[in-house]
Every structure is written in C-alpha cells, then in structure tokens.
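Everything below concerns the one structure shown next.
All of the numbers you see were taken from the coordinates with simple rules; none came from a lab. This is a predicted model, so every value here is computed, not measured. No Cβ is skipped: glycine too gets one built from the backbone with ideal geometry, and neighbour counts run over all protein chains shown.
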Amino acid sequence: MSDEQKSHARPAPLLRTIHVGVGNRGQWPLRFAVPAAGFQPVALVDTHPSVLAQAGRDHPGIPAFAELEAALAAVEADAAIICSPTQFHTTQGKMCLAAGLHILVEKGLAPTLDAARETVAAAAAAGRALCVAQNYRYQSMERTVARLINDPSHPCYIGEPFLIEYTQHRQRPHPRTLNYPFASVWDMSCHHFDNLLSWLGGGFATITAKTFGPPWSRYQHPNNTSLQLAHRSGCMVHYLHTHDAAINEIRIRIQGRLGAAVLDDTSVRTCRRGDLQLQQEPLVSVTPEEHLGEAGVLADFYRHAVRDEPVGISGSENLNAMALCDATCRSSVSGKTVSIAAFDCGEKAMPASIPTK
Ligand SMILES: NC(=O)c1ccc[n+]([C@@H]2O[C@H](COP(=O)([O-])OP(=O)(O)OC[C@H]3O[C@@H](n4cnc5c(N)ncnc54)[C@H](O)[C@@H]3O)[C@@H](O)[C@H]2O)c1
C-alpha cells in the first residue's frame, strides 16, 4: 500500500467540541458540528441559565456548564467553538488553547488588533489551530466574485480589478451589542474586509476613513463608515457601510481589465469592456457559485486542525482583517490617511468545495 493509500485508509478522527456561548449565534455550530462533518459536541457552556437549559433540551445528553473552566476540567475534548460575545474571545480562546484544544472563534477574533495578535501568538505557542468563523466568504455572492476576478477559466472573468465600490446598508434600528466605540467596524466591517482580502489577497497599503452618525440615532457611537482603501496591486476600494439605515441593501461594482461586475442583493451580472465610445455593453447574468455557508467554515476548520492545511480563515490570515479594522479606527480618529499593518499571509485562499473528512 502506498503512503497515499495508507493515509486515505486511516479513519478520519472526530473532533470532540466544547461549545462556548450556545444562545443566538452559538446555535449554528450545534446544528452543523455533527459526526458526518467530523465533529462530536461534548459540552455546552453558557453563562445565561435559561439559554443553557434550552440548549440542553435541544441537544439532550450533552453535559452543560455555566463556566468554561468547569467544562475544561470535566470533559475530554479536542476543540472549542467559541460564540460568546467578542469581548470574551481572547480570554476564553487562550484558556482553551492552554488546555490543548484547537479553537474556532466567531468573528471578530478580538475587540482590538493587539488582542487578536495575542490570541494568534497563543495558538502558535500551543501548536493548535485557530480559525475565525468569517462565514461571508463562503456565501454564494462572495464566492462568485472571487471567481470572476481570479479565475481566467470562468466564462465571465473580468480580469484583475482596478476599482471596487462596495456598499452595504443594514436596517438595524436597535444597537443591541453594538454599544462600544467603532462597534460597527469590529462587528460588521470585519466581514467586508475579510471578503476584500479573500478577493484581492493581502496587501492593503493605506486607508482614509471617516465614521459618522446622525444625532437622532439610537446608536451611542458613530455607526456608519465611509472609506477609501489602496491595495498594492493598484486597486482602489470605495467602501460605504451603514447600520440603522432606512434601506437594507448590498451594492457592489467592480471594474476589471476585461469588464465590470455589477452585484445587487439578488443578482450578479457582468459586462465586457467594449471598444465603442459611450456605448453600453449588455449585462450578462452570472450563474452563482454554490453557497457553502457555515458548513464551509467548519470544513475548513477541520482541514486546518486535523490536516494542518492552510485556510483563508486561519487566525494568522485573519490578522489582516483585524489590521483593516484597526486602521479604520486610527484614520477616523486622526482624520488622516494611515498605513495598514501587514501580516505575512493574505493568500487568496478559497475553498472550492466542502471536502469530505
Ligand atoms: N458570523 C456572523 O454572521 C455573526 C452574526 C452574529 C454574531 N456573530 C458573532 O457571534 C458572537 C456572539 O454574538 P451574539 O449576538 O450571539 O451575542 P450574545 O450576546 O447573544 O451572546 C451569545 C451567547 O453567549 C452567552 N455568553 C455571554 N457571555 C458569556 C461568557 N462569558 N461565557 C459563555 N457564554 C457567554 C450568552 O448568554 C449568549 O447565549 C459575537 O462575537 C458576534 O460578533 C457573528
């Protein structure tokens, strides 16, 4: 039997998972982290008694704990999936890494760039995998954009972009957890920044940003962001993001060497660059890529933890998204164009499909 045959013959290990934060966003991993995907939940942790009790009823037979320390002491596990609020990610992540677990942390990895670096360093020191659940890059629209600008074999390939206009307005009148300075940047723009990194790769050089908000908003801090980003490839990004907007929409325009991509909430269209002055080329509808969603996040976490394969959502890759959040805040406070910290990664790593174990 060849080495390759032997490795295929080896049974794929199940990762026994501790689920930290099992209400709200913490519910998705319990739906997807099943043995068929390579996971076996072994503990539920939540500080809210009624949330914990409900999760226990929904997932009978899994021990429930009010504190992470107690779960770590009581059960044997290989990994933790941390969906508590962002402010707890660093402490809880480091605690799990110190106990020898791989960790998948909800976005944002941490509430500051320094805390994110600390968590990534702790994972490296422990020799354990750290991934961030940046689920947007696994969605249909984002995966379609990635192919349109990176895959010359795609029939609607538009070539390398020189301009991206990226707008998302979110109708979210109640601030809820977005109650700290620059919350909308760390909470939501991190998704957009991660998308941009997955499309263009690392290499954002400078940023000019302004956060703002109207006096009548329920948001205590400016919750809207307008910015310009310069990528070393020469591509400029104009980005606009609002929370508490009166409209709910996504609008993306990308101009590339061969043509343009026009994306709205439900459609992706492209047009070729013609040679006639002021002539409007026809827009062609693009067949969207498969939506991988959270199953894609878990598949990459498994791949990274078990097979040590590089993935776009690894903690070290995610530092570039955190650096963009950090630079947005610095530019907005200083009113100046600032440079963006670069981390040694930023490959355009996108999963082609959900792998089997
Ligand atoms: N990827 C996405 O699309 C997406 C969407 C929403 C939220 N999120 C992220 O998920 C995380 C949780 O967000 P949420 O809105 O569900 O928050 P939340 O405030 O509702 O908390 C989630 C759960 O964690 C529990 N919890 C709070 N403190 C805890 C602690 N110290 N230890 C254990 N459990 C604790 C809460 O009781 C709750 O059940 C955040 O990091 C957020 O940014 C990601």
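General observations
- Shape category assigned to the stretch 189-300 from the gyration tensor of Cα positions, a/c cut at 1.5: prolate
- By other beta-carbon atoms within 10 Å, ranking I18, I252, I340 with the fewest at the front produces I252, I340, I18.
- Gyration tensor verdict on the stretch 3-136 (Cα atoms; rounded if a/c is under 1.5, prolate if a/b is larger than b/c, oblate otherwise): oblate
- As a calculated quantity, the FRET efficiency between E294 and L258 at R0 = 35 Å, using C-beta atoms, amounts to about 0.55.
- A crude spin-label estimate for the pair F162 and E281, with each label 7 Å from Cα along the Cβ direction, gives 1.4 nm.
- Each Lys and Arg adds +1 at its Cβ and each Asp and Glu adds -1 at its Cβ; summed about the Cα centre, the chain shows a dipole of about 440 debye.
- Vicinal HN-Hα couplings computed from phi for the stretch 169-181 (Karplus, 6.51 cos²θ - 1.76 cosθ + 1.60; Hz; Gly/Pro x): 9, 10, 7, 9, x, 9, x, 6, 7, 8, 10, 10, x
- Sparse-neighbourhood loop sites, chymotrypsin sites (Phe, Trp or Tyr not before Pro) in the stretch 215-301 - DSSP loop, at most 12 other Cβ within 10 angstrom: W216
- Size of charge dipole - the stretch 3-136 - debye, nearest 20, with Cβ of Lys, Arg +1 and Asp, Glu -1, no other charges: 200 debye
- Over the chain: helical MRE at 222 nm, DSSP H runs n ≥ 4 each giving -39500 (n - 2.57), nearest 500: -9500 deg cm²/dmol
- Bridge orientation summary for the stretch 152-311: considering DSSP beta bridges with both residues in this region, about 80 percent are antiparallel.
- The aspartates and glutamates within cross-link reach of K94, meaning a Cα-to-Cα straight distance under 20 Å and a gap of 8 or more places when in the same chain, are D46, E67, E69, E76, D78, E106, D114, E118, D308, E317.
- Charge dipole (the stretch 3-136, unit charges on Cβ, about Cα centre) - positive-most of A12, A79, A126: A12
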